[in-house]
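K.L.:
Shown below is the structure under consideration.
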Amino acid sequence: MNFPILSAIIFIPLIGALFILVIRGEQNIVIKNSKYVAIFTSVANFLLSLFLWYLFDISIPDFQFTEEKIWINGFINYQLGIDGISILFILLTTFITPICILSGIHSIKLKIKEFLIAILVMETLMIGVFCSLDLVIFYLFFEGGLIPMFLIIGIWGGPKRVYSAFKFFLFTLLGSVLMLIAIISIYWITGTTDVIKLFDIKIPQEYQYLLWLAFFSSFAVKMPMWPFHTWLPDAHVEAPTAGSVILAAILLKMAGYGFIRFSLNLFPIASDYFTPLIFALSIIAIIYTSLVALMQDDMKKLIAYSSVAHMGFVTIGIFTITKQGLEGSIIQMISHGLISAALFLCVGVVYDRMHSRMISSYGGLVNVMPKYALVLMIFTLAALGLPGTSGFVGEFLVLVGVFQINIFVTVMASLGVILAAAYMLWLYKRVIFGKIGNSEIKEMKDLNKMEIYIFSSLIFLIIFFGIYPEPLFKTVNVSVSNLIEN
């Protein structure tokens, strides 16, 4: 194709944001038109990404739809391309963004025009991460995402939003400064930041260890891995619902993608050397944060800590460097993107009605919100990895992959599955069942049509990929096999 479809998918949301920026008129008309533009732009981008998936040739291991333009005197090239791994994350991003916009339209009351601009700019930067084939371009997109997310938390967040926004920004920026130094070092060593050329050049072994640690410092914070995870619960609790959805569903996956695309490919010897470190930190994350989740009285914090535990499975799967482990980690990230988005949206539904995230404020919701109780049950079972849901497929493959490498790690990671059942079912029991303990609950209304449409789309994908994950396997199969071979 001569048409630059990747650039189109990246910059369509940005064009939509610019349209919203120049909308003028009465306040009500501006808000109404801004909503229409944001919804149309995000849905159109999702449909274009589906067309990209249709055009994608799953039998080719090389990068497809590549684009290359000289940018800064040949030093940095605007270079894009996708393989079977990155296209799934693009689809996840373009699917989740319209959902965030639709949920934000009903829950955000202040500066909604600016909020929609921030969401669309965020989409552009996130898609750019998954398409970049130049280290500097990747870094610019990777770090650029901090700014709109900082604003989303800091402006539309809860009472401690400023503290949480700065904590999120400083944590992630500090780790990424070391990655920038590593990228400069790679250019000094090899004379290029072109990812495809770097795959062929092979960075000398003596440099790999420090460079791997520099990239790890950025990805471990963004993932987040234990003990770099402390910013995440605060950010989730204070962020608006749409912000929490983007953070959990997509932003965390950028780090997992970074591990697969750069850590394994550019520093294979160092990746093998540091695998025991990754396994140790991942096991601690799975068990420790699951136990912490059991102690939470805030629904958002509980789900935030569960995200850290689920990301522990992802990092274990990636560094098994086995076909099952890598495919499992990718599917686990896609699945977690859908499930965590759904769970945060479920919290947003009751928060909009009761203005409380405390578990103790609820109880007996099944009596007044039966549809909501059914929806939350499906997402709860998916989060604990019930067979027949997408949550099972990824975790099972990761455990199969790591079983080939280390049985002890497999056993310890399996404890996370048991603990996930404990904290998720306990959350469901306290919120949904029992007697109505709060008189305000009796006045709560069940799901409206828009909420039913949003949750139905998520339920469909979670169950469809749980029963028939073949489309995901076919898409990543050749790319994963090529990665392992290289």
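K.L.:
Expressed as a whole percentage, what fraction of the accessible surface of the chain belongs to carbon and sulfur atoms when a 1.4 Å probe is rolled over the protein heavy atoms?
P.N.:
In the chain, the share of accessible area belonging to carbon and sulfur is 68 percent.
K.L.:
Now, a different point. Could you sort 53-61, 33-41, 386-394 so that the peptide with the highest average Cβ count within 10 Å comes first and the rest follow in order?
P.N.:
Details: 53-61: 12.7, 33-41: 19.1, 386-394: 20.9.
By packing density, highest mean first, the sequence is 386-394, 33-41, 53-61.
K.L.:
Further, regarding this structure: Using 0.36 nm times the number of residues separating Lys445 and Leu210, minus their current alpha carbon distance, what extension gain do you get?
P.N.:
Using 0.36 nm per residue and subtracting the Cα-Cα distance, I get 79.0 nm.
K.L.:
Rounded, prolate or oblate: which one fits the chain, using the alpha carbon gyration tensor with axes a ≥ b ≥ c (rounded when a/c is under 1.5, else prolate when a/b beats b/c, else oblate)?
P.N.:
Oblate is the answer for the chain, as a/c is 1.5 or above yet b/c matches or exceeds a/b.
K.L.:
To the nearest Å, what is the center-to-center distance of region 249-313 and region 1-56, using C-alpha atoms only?
P.N.:
32 Å
K.L.:
Where in the chain are the DSSP H helices whose alpha-carbon span along the long axis reaches 18 Å or more and whose Kyte-Doolittle mean is at least 1.6?
P.N.:
Flagged H segments are 5-22, 84-107, 112-131, 161-190, 275-294, 370-383, 390-403, 407-432, 449-467.
K.L.:
For the pairs Lys449/Lys474; Lys160/Lys435; Lys35/Lys371; Lys111/Lys449; Lys301/Lys449; Lys323/Lys429, flag any whose C-alpha to C-alpha distance is greater than 30 Å.
P.N.:
Lys449/Lys474; Lys160/Lys435; Lys323/Lys429
K.L.:
Another question, if that's okay. With a 1.4 Å probe and every protein chain left in place, tell me how much accessible area Lys253 has, in Å² to the nearest 10.
P.N.:
0 Å²
K.L.:
While we're looking at this one, here's another question. Which value, in Å² and to the nearest 10, is the accessible area of Arg353 when all protein chains are kept and the probe is 1.4 Å?
P.N.:
70 Å²
K.L.:
Students often check this: by mean Cβ neighbours within 10 Å, which of 120-127, 65-72 ranks highest, and how do the rest follow?
P.N.:
120-127, 65-72
K.L.:
For the chain, what is the accessible area per residue in Å² when the probe is 1.4 Å? Write out the running numbers ahead of the final one.
P.N.:
Working: 18900 Å² over 486 residues.
With the other protein chains kept in place, the chain gives 39 Å² per residue.
K.L.:
If ligands, DNA and RNA are left out, what is the accessible area of Tyr163 with a 1.4 Å probe, given in Å² to the nearest 10?
P.N.:
Estimated to the nearest 10 Å², Tyr163 gives 130 Å².
K.L.:
Run the numbers on the chain and let me know its relative contact order in percent, using alpha-carbon pairs under 8 Å that are six or more apart.
P.N.:
Computed value for the chain: 15 percent relative contact order.
K.L.:
Return an integer: the convex hull volume of the alpha-carbon atoms of region 14-143, in Å³ per residue.
P.N.:
So the per-residue Cα hull volume is 111 Å³.
K.L.:
Oh, and also: If I model a spin label as a point 7 Å beyond the Cα along the Cα-Cβ vector, how far apart are those points for Phe460 and Glu67 in nm?
P.N.:
2.9 nm
K.L.:
Can you give the relative contact order of region 386-486 as a percent, counting alpha carbon pairs under 8 Å and 6+ residues apart?
P.N.:
With pairs under 8 Å counted, the relative contact order is 53 percent.
K.L.:
Moving on. Run the reach check for Lys253 against aspartates and glutamates, Cα to Cα strictly under 18 Å, same-chain hits fewer than 8 apart removed. What comes back?
P.N.:
Correct list for Lys253: Asp83, Glu123, Glu143, Glu327, Glu395.
K.L.:
Another question about this same structure. Grab the Cα-Cα distance for Leu47 and Arg24, subtract it from 0.36 nm times how many residues apart they are, and report the gain in nm with one decimal.
P.N.:
On the way: separation 23, 0.36 × 23 = 8.28 nm, distance 2.83 nm.
Length gained, Leu47 through Arg24: 5.5 nm.
The values are calculated or read from the model by the stated rules, or taken from the named source; none is laboratory data. Model, not experiment: these values are computed from the prediction. Using ideal geometry, Cβ is built from the backbone for each residue, glycine included, and neighbour counts are taken over all protein chains shown. With ligands, DNA and RNA removed, areas are computed over all heavy atoms of the protein, side chains included. Shrake-Rupley method; radii C 1.70, N 1.55, O 1.52, S 1.80 Å.
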